[in-house]
Each structure stands twice: as structure tokens, then as C-alpha cells.
1. Would you call His112 closer than 30 Å to Gly401 by Cβ, surrounded by 19 or more Cβ atoms within 10 Å (Cβ to Cβ) and in contact (Cβ under 8 Å) with a residue 12 or more places away in the chain?
2. Would you say Gly59 is touching a residue at least 12 places away in the same chain (Cβ under 8 Å), touching a Gly at 6+ places or on another chain (Cβ under 9 Å) and not aliphatic (A, V, I, L, M)?
3. Only residues in region 10-38 that are outside any loop (DSSP other than H, G, I, E, B) and surrounded by 11 or more Cβ atoms within 10 Å (Cβ to Cβ) count as the first member; pair them with residues that are modelled with pLDDT under 95 and of a type in the set (Asp, Glu), Cβ under 9 angstrom, at least 6 apart or cross-chain, and list the lot.
4. From the list Ile397, Ile430, which one is touching a Gly at 6+ places or on another chain (Cβ under 9 Å), β-branched (Val, Ile, Thr) and within 30 Å of Ser33 (Cα to Cα)?
5. Please state which one of Leu298, Leu351 is surrounded by 20 or more Cβ atoms within 10 Å (Cβ to Cβ) and either in a strand (DSSP E or B) or touching a residue at least 12 places away in the same chain (Cβ under 8 Å) (or both).
6. Please verify whether region 182-205 includes one or more residues that are β-branched (Val, Ile, Thr) and either more than 19 Å from the chain's Cα centre (by Cα) or farther than 23 Å from Glu364 by Cα (or both).
7. Residue check: is Arg284 in a strand (DSSP E or B) and either within 30 Å of Thr6 (Cβ to Cβ) or under 21 Å from the mean Cα position of the chain (by Cα) (or both)?
Amino acid sequence: MSGTYTPGGEGPPIESKAQLIAHLASGEKPRESWRIGTEHEKFGFSLEGHRPLPYEGDGPTVRKMLEGLTRFEWAVIEENGKPIALKRKGASITLEPGGQFELSGAPLETLHQTCSEVNGHLKEVREVADEIGAGFLGLGFSPKWSLEETPMMPKDRYNIMKAYMPKVGGLGHQMMFRSCTVQTNLDFASEADMRAKFRASMALQPIATALFANSPFADGRPNGFVSYRAHVWTDVDPDRTGILQFVFDEGFSYEHYVDWALDAPMYFVKREGRFIDASGQSFRDFLKGRLPALPGQLPVMGDWEDHLSTLFPEVRLKTFLEQRGADGGPWNNLCALPALWVGLLYDDTALNAALDLVKDWTAEERVALRLGAAHCGLKAPFRNGTMQDIAKEVLAIARSGLKARARLNHHGEHEAVFLDDLDEIAASGITPAERLLALYNGPWGGSVEPIFKEAAY
């Protein structure tokens with residue numbers, strides 16, 4: 001079974017900003033309908049030579065991975081006649097620009113289900129990868145290959161992004177081709193609930209960055225950061241990235257986010273299956289029929305959804321909230337990230353405690369935490385202590401929230417079990433990146449080659 005993405009331009013035209021606001025509001029759900037979505041990216045590599053996987057050719061390739069996974073009832077999605085994604089039961093596997101393999105998980109009710117999904121996916125990936133001579137790394141940044149050595153996937157939208165990135169930042173290509181993340185998507189009940197969750201998670205995103213910091217290498221050597229991925233995001237495009245300080249303004253609403261998104265430059269518009277370059281152009285002009293790329297035409301809702309997907313703040317609002325601040329990491333961390341955010345945001349008492357913790361943080365402190373998390377992780381200073389102190393408080397709140405949810409597995413364990421590894425990191429103050437650096441400076445003898453075993457799934 002195979003198919004293609006929609007050609008673009010379907011549906012009635014959007015004629016007012018109110019329709020864009022209503023689209024975000026359409027994500028509101030009663031508590032019993034809240035779900036957990038987890039996304040995680042990983043680097044493919046050849047077992048022989050530890051090279052990145054090209055899209056196609058001799059030896060292990062990305063295309064062979066996609067085609068091999070179809071045995072597990074994944075349906076193929078093609079672009080220009082080439083498989084570039086897979087779909088199955090509300091989940092998808094997609095390709096990032098440099099061939100990073102991403103699972104976008106189905107919306108699930110419990111963290112136990114989420115972890116089962118992760119385990120099943122990695123088992124399938126491992127089976128196919130073993131057959132073709134490939135492996136997959138759980139890291140936040142490619143440890144060895146240069147930008148020039150990294151292949152580009154055959155997706156037209158990436159050509160537009162690649163051309164535009166150098167115009168607005170110095171590290172956009174590094175983000176596109178050499179970084180990996182794990183993300184969590186969560187629901188909200190109302191505009192007020194969205195506001196509370198957005199504020200708490202935006203302020204605390206640097207804590208997640210520090211706890212999951214796992215990208216200390218680039219070009220075969222230490223890069224000076226514990227989360228180089230997080231550092232890269234500070235120089236990609238200031239119009240669409242970073243901490244959105246207006247989220248903390250009095251009366252923040254869907255409309256405020258829509259206004260920001262309307263003024264954030266576009267990348268593309270899709271029509272008749274083609275990606276039309278609209279880079280740097282304004283969706284606000286599109287609403288007036290004045291988009292240079294499509295003069296005289298009005299957008300449809302698919303155009304708005306595409307545009308929202310090209311905005312990259314640390315927390316992103318669609319019809320759900322995406323938590324975007326963590327490095328890709330080892331198997332157990334793929335369950336720990338959703339556990340952290342579900343514990344903080346899906347229990348009212350925990351959410352109020354998180355908001356109380358961050359209520360007097362200044363805009364300058366939030367920025368300093370973000371920069372500090374990338375550079376020195378839990379050792380970053382904050383007021384009279386360090387980020388480690390905050391992380392311990394945050395994890396205690398999250399654990400209480402998960403216990404209050406009382407979602408047990410068949411062994412009678414709470415979802416809070418998925419926080420155990422994070423508690424160890426917070427207690428020691430040593431990030432995953434620092435553990436890798438200790439190996440590099442010790443048993444590995446100054447080589448990153450052993451990471452292809454140490455960090456492999």
C-alpha cells in the first residue's frame with residue numbers, strides 16, 4: 001500500500017484571522033480525552049565505517065530502511081515517486097533533512113502505552129537495520145560527520161529551507177542536517193489551560209534541556225557544550241525560534257500566538273503537489289491575497305497548518321502543545337521526557353506548583369537559563385544556586401503529578417517509574433553528555449568511534 005501527500009490548496013479559502021484563532025481553539029479537549037504523543041529522532045549509520053546513511057545506493061540506505069519496515073504494515077508515502085515517509089494507525093515515520101529517522105507516535109492514554117510503542121518501534125528498526133548493516137544512534141548531534149559528509153533527503157521543502165537558512169542565521173544547516181531531538185505533544189482543555197501549560201513549560205524548558213543534554217561532540221571531538229543541539233538553535237532564525245516572552249504577558253491568548261505566527265516569515269506554499277518558494281514572505285499578506293508567490297490567491301487551512309509546522313520556538317502551539325527542548329538520547333530517555341511533561345502539566349496541583357516555581361522569573365533569567373543549559377547543563381548558575389537545584393524541585397513536582405494520575409501497568413507500577421533515571425541525573429548533577437565526555441577522555445582514548453556502540457539502540 002502506498003500513497004502521496006495531499007497536493008495542497010484543498011478546502012475553502014481563509015478569509016479572516018478569526019478562522020486562524022478558531023483553528024487553535026479547536027484543539028481544546030476535556031481531560032478524559034487528553035493524550036500523549038511522543039516524537040523522537042535518531043541518526044542512522046553504517047556498521048562498517050560508521051558513515052551516515054545515504055538515501056539510496058549500494059550498502060545500507062535510508063530507502064532500504066523505509067522499504068524494509070513495510071513488513072510491519074507501515075504504508076508508504078511517496079514524493080516525486082520516492083518513499084519518504086510511512087504511516088500506521090495514527091503514527092508516522094518521517095525523514096529529517098540529513099536522514100534522521102523520526103517516529104511521530106500515535107496519541108496514547110498512558111506513559112506505559114507510550115513506552116510500549118517506543119519499544120516496539122525500536123525493535124522493528126533494529127530488525128531491519130541488522131539485515132542491511134546499519135545502526136541507529138541516540139544523540140542530540142551527529143558526533144563525527146561533517147556537514148559536507150551528511151546526505152540530503154529528497155524532499156522538496158528541504159531545498160527551500162536550505163537556501164533560506166543562511167539568510168537569517170549562522171547555524172541553520174547544522175540544525176537541519178546534524179541534530180536530533182525527542183519531543184512530547186500534550187493537550188489542553190481551554191484557552192486558560194493552554195496559557196498555564198504554555199507558561200510553565202516555556203519557563204522550564206531549559207531544565208529539560210539540561211537533564212537530557214546529550215550532544216557534546218561534533219566533527220569527532222568535544223564541541224564545548226553539553227547540548228550543542230540547544231546551542232545551535234540560538235542561531236537559526238530569531239523570527240521563529242527561542243523563548244517566546246509574550247507568552248508571559250498578561251492576558252496571553254490564542255490571538256497573540258496567531259499574531260506572532262502571521263508575522264513570522266513563511267517558507268513555502270504547496271500547490272498541485274509542488275512546493276512553491278515563499279521564503280521570507282508574510283502569511284499576513286497571504287490573508288489579503290497579496291502573497292508574491294501566489295498573487296491574488298487566499299490561503300486554505302492546510303497552508304496555515306504547514307506554516308505553523310515551520311515555526312520552531314522552544315514550546316510550539318498547534319492544536320496541542322509541543323515540548324521541544326530535549327536532545328535525542330538513549331532508549332530509556334525516550335520514555336522519560338513524556339513522563340516529565342505529563343507529570344508537570346496533566347495534574348492541576350502539579351501544574352500550579354510549577355507555575356508558582358517560575359512566577360517571578362524574569363525574561364533575562366529565562367534567557368540565561370536557556371544559554372546556561374546548553375553550555376554547562378545542571379551546573380548552570382541560577383540566583384543563589386544552580387539549575388540542579390531547580391531540576392530536583394521540578395522532578396519532585398512531576399513525580400507527584402504522575403502519582404496523582406494513578407495510571408498503573410500490569411505490575412502495579414505508577415507512571416512515575418519513568419522518572420527514575422532523571423532523578424539519578426539530577427541527584428548527581430552529571431548530564432548524559434558529561435558521562436560521554438568522561439568516557440572520551442578516559443577509556444575511549446580521545447576517540448568518538450566507541451560512541452557508535454555506546455549510544456546505539
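1. Yes; evaluated as a whole, the condition is true for this residue.
2. Numbers: touching a residue at least 12 places away in the same chain (Cβ under 8 Å): yes; touching a Gly at 6+ places or on another chain (Cβ under 9 Å): yes; not aliphatic (A, V, I, L, M): yes.
Against the criterion (touching a residue at least 12 places away in the same chain (Cβ under 8 Å), touching a Gly at 6+ places or on another chain (Cβ under 9 Å) and not aliphatic (A, V, I, L, M)), Gly59 qualifies.
3. Once the first residue is outside any loop (DSSP other than H, G, I, E, B) and surrounded by 11 or more Cβ atoms within 10 Å (Cβ to Cβ) and sits in region 10-38, no partner that is modelled with pLDDT under 95 and of a type in the set (Asp, Glu) comes close enough.
4. Ile397
5. On the way: Leu298 fails: surrounded by 20 or more Cβ atoms within 10 Å (Cβ to Cβ).
Only one candidate qualifies: Leu351.
6. Of region 182-205, the ones β-branched (Val, Ile, Thr) are 182, 184.
So of that shortlist, the ones also either more than 19 Å from the chain's Cα centre (by Cα) or farther than 23 Å from Glu364 by Cα (or both) come out as 182, 184.
Yes; the residues of region 182-205 include at least one that is β-branched (Val, Ile, Thr) and either more than 19 Å from the chain's Cα centre (by Cα) or farther than 23 Å from Glu364 by Cα (or both).
7. Values: in a strand (DSSP E or B): no; either within 30 Å of Thr6 (Cβ to Cβ) or under 21 Å from the mean Cα position of the chain (by Cα) (or both): yes.
When the stated conditions are applied, Arg284 does not pass them.
Residue by residue, here is whether (1) closer than 23 Å to Ala163 by Cβ; (2) touching a strand residue (DSSP E or B) at 6+ places or on another chain (Cβ under 6 Å) holds:
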| residue | (1), (2) |
| --- | --- |
| Val247 | no, no |
| Tyr257 | no, yes |
| Glu272 | yes, no |
| Ile276 | yes, yes |
| Ser279 | yes, no |
| Arg284 | yes, no |
| Leu287 | no, no |
| Arg290 | yes, no |
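The values are calculated or read from the model by the stated rules, or taken from the named source; none is laboratory data. Here the structure is a predicted model, which is why all the values come from computation and not from measurement. Virtual Cβ from ideal backbone geometry, glycine too; neighbours counted across all protein chains shown.
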